[in-house]
1. Specify the residue with the greatest mean-square fluctuation among 112, 81, 145, computed from a Gaussian network of the chain linking alpha-carbon atoms under 10 Å apart.
2. Take the residue pairs 34/242; 55/322; 252/322; 34/322; 242/322 and return only those whose Cα atoms are more than 30 Å apart.
3. Tell me which chymotrypsin sites (Phe, Trp or Tyr not before Pro) from segment 255-337 have a DSSP coil assignment and no more than 10 other beta carbons within 10 Å of their own.
4. Towards the positive end of the charge dipole of the chain, with charges on Cβ (+1 Lys, Arg; -1 Asp, Glu), say which of 28, 64, 207 has the farthest Cα.
5. If amide hydrogens are placed 1.01 Å from N in the peptide plane, which non-local residues have theirs closer than 5 Å to the one on residue 173?
6. Given an 8 Å cut-off on Cα distances and at least 6 residues of separation, report the relative contact order of segment 3-334 as a percent.
7. Given H placed on each backbone N at 1.01 Å, which residues far from residue 102 in sequence or on other chains put an amide H within less than 5 Å of it?
8. Calculate one ³J(HN,Hα) per residue across segment 260-276 by plugging θ = phi - 60° into the Karplus curve 6.51 cos²θ - 1.76 cosθ + 1.60, and present them in order as whole Hz with x for glycine and proline.
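Please treat every number below as a calculation from the coordinates, not as lab data. Given the structure is predicted, the values throughout are model-derived calculations rather than measurements. Positions of Cβ are generated from backbone atoms using ideal geometry, with glycine treated the same way; all protein chains shown enter the neighbour counts.
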Amino acid sequence: MPVSITAQDMLLALEDDLVRSTRAISDVQRDIGKMIEYHLGVGTMAARKTASHSKRIRPLLLLCAHAALGGEWRHALPAAVSLEYVHGFSLIHDDIEDRSPLRRGRASLWAVWGVDRALNAGDALFALAFRTLRNLSHHFEARLVIDVYDAVTQACLALSAGQELDLAFEQTEDVTTEAYLRMAELKTGALFGAALEVAAILAGQPARVREDLRQAGEKLGLLFQILDDFYDLFGEERELGKPVAQDAMRGKKTLPVVLGLHRDKEFAAMWRSLRDNRDILPHLRARLITEAIIREATAIEEHIRAELRALWDRAPFADAWKADLAEMIDHWVRRRR
């Protein structure tokens, strides 16, 4: 079956499982369940109808990779749901820490229910992520389930480490390109890496394949973050679902900002006054559209793509899946360009 058709089946099954799993918390505390459903965007007919356009990239990547490695994707659904819960939990905290009132074009969870209740719902979502993993025991050996727990736990720790660096970087201009790349690979790459690693674990792949795919996922996540960084500055609000340059206004050290601070003294001076004077944003963006900065950013992106391609080519994916998987990933990335 073509990946495009199978992926749609996966998304619909994933939405159904997200609803069922989320209702488990509603049975304990209805308001928390309501908040989680709102944040994840599940439990509505609209969610099912628009499943092909959803943001479920990480769990879909897990399911597709597991199938491509010879596994039965439906058996891996609990892991996919768990990963989406971890991602959702991280976004709740991210919105609070960034004081972002919008998430995907609507009010973020804390803006509707307040910071305290949003934090509590996020904690419940995190617990639910690990509770959901136990359902893997219906189809997989205990040793594989334990390995999945370890992989998801390590991804959570890496994500937290990356978020700490991201927040700390707001307080300094002395952020190197290498430091930025490490932060982004931790913060955004961790869950992509976990998606592919878990897919390999559940397919019974050896340690070398698990490690290669984890690294491939981390490179993919890093690529996503870099493209999102440029999108934040040069995109449009209706596409972003939040104000343009929101990260820049907070002092986030995104890749274009890091490159500008190191290469352009005028940019650095303007950057320091951006928080107090949004009117200079067009001039700030203009200073980033230089041959030198574009060339350096392009070189970084191409290097990461080459690393990803090398890791991807070594993966023992079935021939029927390999090209379609690469095309699907390229489509995800192109949508951010």
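1. Between 112, 81, 145, it is 112 that shows the largest mean-square fluctuation.
2. Numbers: 34/242 23 Å; 55/322 22 Å; 252/322 36 Å; 34/322 39 Å; 242/322 35 Å.
Pairs exceeding the cut-off: 252/322; 34/322; 242/322.
3. none
4. Positive-end residue among those listed: 28.
5. Counting only residues 5 or more places away or on other chains, the set is empty.
6. Value for segment 3-334: 18 percent.
7. Hits under the 5 Å cutoff: 108.
8. Listing the rounded values in order: x, 4, 7, 10, 9, 5, 5, 4, 4, 5, 5, 4, 5, 9, 5, 4, 8 Hz.
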